[in-house]
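The values are calculated or read from the model by the stated rules, or taken from the named source; none is laboratory data. What you are looking at is a predicted structure, and each value in this text was computed from that prediction instead of being measured. All Cβ positions, even for glycine, are placed from backbone atoms using ideal geometry, and neighbour counts span all protein chains on display.
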Ligand code: AMP
Ligand code: MG
């Protein structure tokens, strides 16, 4: 795992004035966004996908008792032969949930099953495949280690110890861990409220016929999908016409109900003036040019107290800027400790064209080559309007700002769209 675009952090002499690197933009955003206030107490199943607000400590040991990791025989390590073999008498059985209550003496052992408590007098479990059983006797050879195949009380989580830290984004393992320490409910941060709308006179909603020069609004659907996965409360405000009053009203309404307002379109050079006036009046918003492709224009700031992301209009640019800027920023606001998205390095299958000067987020397909090795290949055409590239691809191939392309066999930085589930 490496940190994304760390290489683009310094030297910006080669960039046009007023342009930010990806890292600079992200730093500015991260240092500006506030943490949402408000904590809710929820059942652990409801806590899935939420952010823990308070540390959780364990009131118990997990496991609660020292137990067997195997089906086999519980013995006293003092009875393990130093050489040759030994015979032990089987005097009882310890089942998971039904422990053997007697004491195992020298020269004796107990049948034991996985998860069963170790009987008094035993400290080692011999796997059943490792011994020979004959009636009530087992025969063992001199190849066992004292203490083998035993799980100790508290070895997973100790009583009083930290189970999960505040700021942890709760995943399936975590709700299992919480159950393992007997915790029914936890304190999580309240959900972030995010309002979003599309801008543009050319946009039609699905179900309507398309006139000449018109297109269907797809950004509201990709934004919906990305927000849904983030687990925020969504307010879909539809399509807003390129009209001063409508835009002003939409921003006011959105900021009044949401922590974050996300729009797409209307921030590129030709359109910025109009939106800019509205935003200057309502808040403090900067219009940035970022040395990246796609996603060069981005507006960020505050509108009537809400955090505002003005994403570009092109469908791929929307997704790239959402993932690279809005997503980590919203994670911070939600109280997440870790906001970065992991990347790793893999060999490239084909050649990628690129000009110097901008960090590129090309779309790639992570797969295995004929010999089973993980590799990445391009989805092909990389235009910022080719949304199908995001759909066909399963990762970004991140090419650094100073790169002039990549060749087959080169090692490139890859950022998968999905984790496990
Ligand atoms: P803009 O930044 O508003 O100039 O938009 C840039 C490009 O993205 C134009 O080709 C727009 O038609 C397109 N676009 C803007 N908004 C959307 C949207 N919601 N869905 C699909 N395409 C869009
Ligand atoms: Mg537009």
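Things to note:
- When residue 273 is tested against (1) more than 11 Å from ligand 1 (Cβ to nearest atom); (2) outside any strand (DSSP E or B); (3) modelled with pLDDT of 95 or more, just one condition goes unmet, and that condition is (3).
- Positions within region 92-130 being under 16 Å from residue 140 (Cα atoms) and outside any loop (DSSP other than H, G, I, E, B), in sequence order: 108, 109, 110, 111, 112, 124, 125, 126, 127, 128, 129, 130
- Among the candidates 283, 231, 266, residue that is away from ligand 1 (no atom under 16 Å from the Cβ), under 14 Å from residue 299 (Cβ atoms) and either touching a residue at least 12 places away in the same chain (Cβ under 8 Å) or in contact with a helix residue (DSSP H, G or I) (Cβ under 7 Å, 6 or more places away or on another chain) (or both): 283
- Test result for residue 261, closer than 26 Å to residue 417 by Cα and either in a loop (DSSP other than H, G, I, E, B) or touching a residue at least 40 places away in the same chain (Cβ under 8 Å) (or both): yes
- Matching residues, region 241-274, being under 13 Å from residue 195 (Cα atoms) and within 16 Å of ligand 2 (Cβ to nearest atom): 250, 251, 262, 263, 264
- The residues in region 222-254 that are under 31 Å from the mean Cα position of the chain (by Cα), in a loop (DSSP other than H, G, I, E, B) and within 16 Å of residue 313 (Cβ to Cβ) can be counted, and the count is 0.
- Consider region 193-209 and keep the residues that are away from ligand 2 (no atom under 16 Å from the Cβ) and surrounded by fewer than 23 Cβ atoms within 10 Å (Cβ to Cβ). The one that is nearest to the chain's Cα centre (by Cα) is 193.
- The residue pairs whose first member lies in region 172-200 and is under 13 Å from residue 57 (Cα atoms) and at pLDDT 95 or above, whose second member is assigned to a helix (DSSP H, G or I) and within 16 Å of ligand 2 (Cβ to nearest atom), and whose beta carbons are closer than 6 Å, counting only pairs six or more residues apart or on different chains, do not exist in this structure.
- Screening 133, 191 for residues that are out of contact with any helix residue (DSSP H, G or I) (no Cβ under 8 Å at 6 or more places or on another chain) and farther than 30 Å from residue 80 by Cβ leaves exactly one candidate, 191.
- Selection count where residues are in contact (Cβ under 8 Å) with a residue 60 or more places away in the chain and not in a strand (DSSP E or B), scope region 146-164: 12
- Extreme residue, nearest to the chain's Cα centre (by Cα), among residues of region 404-421 that are assigned to a loop (DSSP other than H, G, I, E, B) and farther than 16 Å from residue 353 by Cα: 419
- Taken as a whole, the condition of being farther than 29 Å from residue 280 by Cα, touching a strand residue (DSSP E or B) at 6+ places or on another chain (Cβ under 7 Å) and away from ligand 1 (no atom under 16 Å from the Cβ) applies to residue 189.
- For residue 292, the conditions (1) crowded, with 24+ Cβ neighbours inside 10 Å; (2) within 16 Å of ligand 2 (Cβ to nearest atom); (3) in contact (Cβ under 8 Å) with a residue 40 or more places away in the chain all hold with the exception of (2).
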